[in-house]
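Taken together, the values in this text are just the output of simple stated rules run on the coordinates, not laboratory data. As the structure is a prediction and not an experimental result, all values here were calculated from the model.
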Amino acid sequence: MRVIGGREIHPINVRVGGFYRAPRPDELRALVEPLRWARETAYDTVRWVAGFEFPDFEQDYEFVALRRDDEYAILDGRLVSNRGLDIPIAAFNDHIEEEHVPHSNALHARIRGRGAYLVGPLARFNLNFDRFRRWHRRPPARWASCPNAAILSRASSPGPSRFCTPATRRSA
């Protein structure tokens, strides 16, 4: 992390379009053996864990995420779930109740009359998989002026929000 990011905690070397300073060849060569060791250790760990016995367990989760008709939703869209919720964001308070509980600083939310739900990358991916696949093959046209479009099209987590902002767009 220090070689690439400049320091181990809260890296400072990364900037839009690359790095402030590229690592020197000798710095990168010094990482080869530790990285080989890490890769082999990771493989050994996967082989070890693959032998664990896991009980059959299925939980009936309700996933909630944004969804758009035209692309993989990250920043806007309708709020949908795998159990039929499909509402505009303006109707959030009509369908979702939030409550402060004494043991947490976070609000606890649930769908009125149904209970808890899950949000985040897994919910977004599960509810928008068909959109992700289309996006992954060809990024939306509105990203064409983004200098990072090639990176975005190869990224495992979709979305232009951190990579393609008005400040990073190429002029036509």
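Below are the figures for this structure:
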{"read-out": "Placed amide H near Ala73: partners under 5 Å, 5+ positions off or other chain", "value": "Arg68"}
{"read-out": "Cα convex hull of the stretch 36-93, projected area averaged across orientations, nm²", "value": "7.8"}
{"read-out": "Amide H contacts under 5 Å for Ile96, placed H, 5+ residues apart", "value": "Arg112"}
